[in-house]
Amino acid sequence: AMIRMVAVLVIACPCALGLATPTAIMAGTGKGAENGILFKNSTALETASALDAVLLDKTGTLTLGKPTVTDILPVGSAASTPEELLAMGASVETGSEHPLGKALVRAAEERGLPLTAPQNFNSFGGQGVAASVGSARVRVGKPNWFEESHPEIKRAMEAASDTILNLQAEGKTVMVVSSDTEMTGLITVSDPIKPDSVEAVKELQQMKLQVVMLTGDNIHTARTIARQAGIEHVQAEVRPAEKSAAVEKVQQDGNMAAMVGDGINDAPALAQADVGMAIGSGTDVAIETAGIILSSGSLMGIPRAIRLSRATMRTIRQNLFWAFFYNLALIPIAAG
C-alpha cells in the first residue's frame, strides 16, 4: 500500500492540471515583454484572444501625433496677414493641451512671432477654445462649432465653404479663427499616418477583425486618413465624451472590442472596452487605464499582441488536455 501510495503521489504531484495554465501565462507574458507588449494581468492576455473588433483613435495612435501647420489663410473682412493670423490663434492655444493647439504654438515660435498671454481661457471639449487676447475675444475651433454656436460668423464662413471642403478632402484638419464677431481666417494642420499603420491594419483585417477609426475630425478629413490607412469603417466628429459610447455600441452588437488610444480623452473608452491598449508614448492616464501597453508605440504591436494571446490560449488548452490525459491514464496504473 505504501509503494502504491508513493507511486500515485509521484504521478499526481506536482499536479500537471494545476501547472498547465500559470506556466503558459508566464511564457506568454514573458514573450510579450520581449516584443514591447506589456500585459498588465492575465485577464487582458486571455480576453485579447477572443476579440472581434479593434477601434483605433486617430491622432497619436493611427497618426504620428505630431501635427504641423500647413496653410494659413486670412479670410473675411477682418482678415490680417498670415503672420498676424497665426500669432492670434497661437496666443489662444498657449492655454491648450490639445496636439493641434500645440502645433499652432510650435509654428508661431518657429517663425519667431510674439505671443500674447491669453486671459479667461475656455475649452469646449473637442470643439474649440476661446480666450481674450488683448481687447478681443478670439476663438479657434472646428467649422461645425462656429456653424452651430456662432451664427454671426457662420455667414462669413459660407464664402469660404469651398476652400474648407477642398482642404478637408486633402486630409487636413481645418481650424477657423475669429476675433469677436468677425471671422479672420483659416489655419490647417496635417498629421501624417505612422509608417507601419497600413501594414498593421492589413494584418488585423487578415485576422478577420473589424477595424474602426474613431476621430473628432470632420467626415471628409476622416475618410481621407482612413483611406490612406486602408480602413473601411469610420466614425467621425466623435467628441471625447462620446468615444466610450462608440465602444459600447460595438459591444452591444455582440462583439468583443479592443480600444487603442494614447490620450487623456481616450481613457473612458479604454476602460469601457473589453481590452484597452495604450500607446507607450501616450499620457499616464491612458497607460494606467489600459490592460495592454504597446511600449514601442508601433501599431504592429496590436496584431502581435492578439496573435500572442491566441497562441497562449491554445497552449493552455493543449496543456490541460495532455495533463488530464496523463493523470487519467497513469494514476490507475500507479494505484495498481
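Check L115, L73, L100, L38 and return the single one that is in a loop (DSSP other than H, G, I, E, B), open to solvent by 20 Å² or more (accessible area, probe 1.4 Å) and of a type in the set (A, V, I, L, M, F, W, C). Please lay out each step first, then the result.
On the way: L73 fails: in a loop (DSSP other than H, G, I, E, B); L100 fails: in a loop (DSSP other than H, G, I, E, B); L38 fails: in a loop (DSSP other than H, G, I, E, B).
Result of the check over L115, L73, L100, L38: L115.
Which one is modelled with the lowest pLDDT among residues in region 263-297 that are open to solvent by 60 Å² or more (accessible area, probe 1.4 Å) and assigned to a loop (DSSP other than H, G, I, E, B)? Give the steps one after another, and end with the answer.
Quick first cut of region 263-297, residues open to solvent by 60 Å² or more (accessible area, probe 1.4 Å) only: 264-265, 268, 271-272, 274, 281, 284-285, 288, 295-296.
Now restrict to residues that are assigned to a loop (DSSP other than H, G, I, E, B): 274, 281, 295-296.
Numbers: D274: 95, S281: 77, S295: 89, S296: 82.
Applying the filter and picking the extreme gives S281.
Answer yes if at least one residue in region 160-179 is free of Cβ contacts under 8 Å to residues at least 12 places away in the same chain and either closer than 22 Å to M213 by Cα or surrounded by 21 or more Cβ atoms within 10 Å (Cβ to Cβ) (or both), and no otherwise. Yes, region 160-179 contains a residue that is free of Cβ contacts under 8 Å to residues at least 12 places away in the same chain and either closer than 22 Å to M213 by Cα or surrounded by 21 or more Cβ atoms within 10 Å (Cβ to Cβ) (or both).
Just one of (1) surrounded by 12 or more Cβ atoms within 10 Å (Cβ to Cβ); (2) in a strand (DSSP E or B); (3) not acidic (D, E) fails for W145. It is (2).
Examine region 23-33 for a residue that is more than 30 Å from the chain's Cα centre (by Cα) and either modelled with pLDDT of 90 or more or open to solvent by 50 Å² or more (accessible area, probe 1.4 Å) (or both), and state whether such a residue exists. Yes: region 23-33 contains one or more residues that are more than 30 Å from the chain's Cα centre (by Cα) and either modelled with pLDDT of 90 or more or open to solvent by 50 Å² or more (accessible area, probe 1.4 Å) (or both).
Can you tell me which residue among S80, S49 is touching a Lys or Arg at 6+ places or on another chain (Cβ under 9 Å) and open to solvent by less than 70 Å² (accessible area, probe 1.4 Å)?
S49
Taking K58 as the residue in question, decide whether it is of a type in the set (D, E, K, R), touching a strand residue (DSSP E or B) at 6+ places or on another chain (Cβ under 9 Å) and either touching a residue at least 40 places away in the same chain (Cβ under 8 Å) or open to solvent by 20 Å² or more (accessible area, probe 1.4 Å) (or both). In short, yes.
Looking only at region 298-325, count how many residues are buried (at least 17 other Cβ atoms within 10 Å of the Cβ) and assigned to a helix (DSSP H, G or I).
So the answer is 14.
Put simply, of V212, V260, V234, V247 the only residue that is part of a helix (DSSP H, G or I), crowded, with 17+ Cβ neighbours inside 10 Å, at pLDDT 90 or above and within 14 Å of the chain's Cα centre (by Cα) is V247.
Against the list (1) modelled with pLDDT of 90 or more; (2) among the β-branched types (V, I, T); (3) more than 26 Å from R310 (Cβ to Cβ); (4) touching a Ser or Thr at 6+ places or on another chain (Cβ under 8 Å), the condition I187 fails is (4).
For the condition without any contact (Cβ under 8 Å) to a residue 60 or more places away in the chain, outside any strand (DSSP E or B) and closer than 14 Å to S309 by Cβ, what is the one hit in T29, T43? Give the steps one after another, and end with the answer.
On the way: T43 fails: without any contact (Cβ under 8 Å) to a residue 60 or more places away in the chain.
After applying the criteria, what remains is T29.
Taking every residue in region 280-292 that is without any contact (Cβ under 8 Å) to a residue 40 or more places away in the chain and pairing it with any residue that is surrounded by fewer than 19 Cβ atoms within 10 Å (Cβ to Cβ), at least 6 positions away or on another chain, the pairs with Cβ-Cβ distances below 6 Å are T283/I264; V285/I264; T289/A271.
For A241, the requirement of being open to solvent by less than 10 Å² (accessible area, probe 1.4 Å) and not hydroxyl-bearing (S, T, Y) is not met. Taking region 252-271 on its own, how many of its residues are touching a residue at least 12 places away in the same chain (Cβ under 8 Å) and among the acidic types (D, E)? Here the count works out to 2. Taken together, the residues in region 189-209 that are over 17 Å from the mean Cα position of the chain (by Cα), among the hydrophobic types (A, V, I, L, M, F, W, C) and either farther than 21 Å from Q168 by Cα or open to solvent by 30 Å² or more (accessible area, probe 1.4 Å) (or both) amount to 1.
The values are calculated or read from the model by the stated rules, or taken from the named source; none is laboratory data. As the structure is a prediction and not an experimental result, all values here were calculated from the model. Using ideal geometry, Cβ is built from the backbone for each residue, glycine included, and neighbour counts are taken over all protein chains shown. Heavy atoms of the whole protein, side chains included, go into the accessibility calculation; ligands, DNA and RNA do not. Shrake-Rupley method; radii C 1.70, N 1.55, O 1.52, S 1.80 Å.
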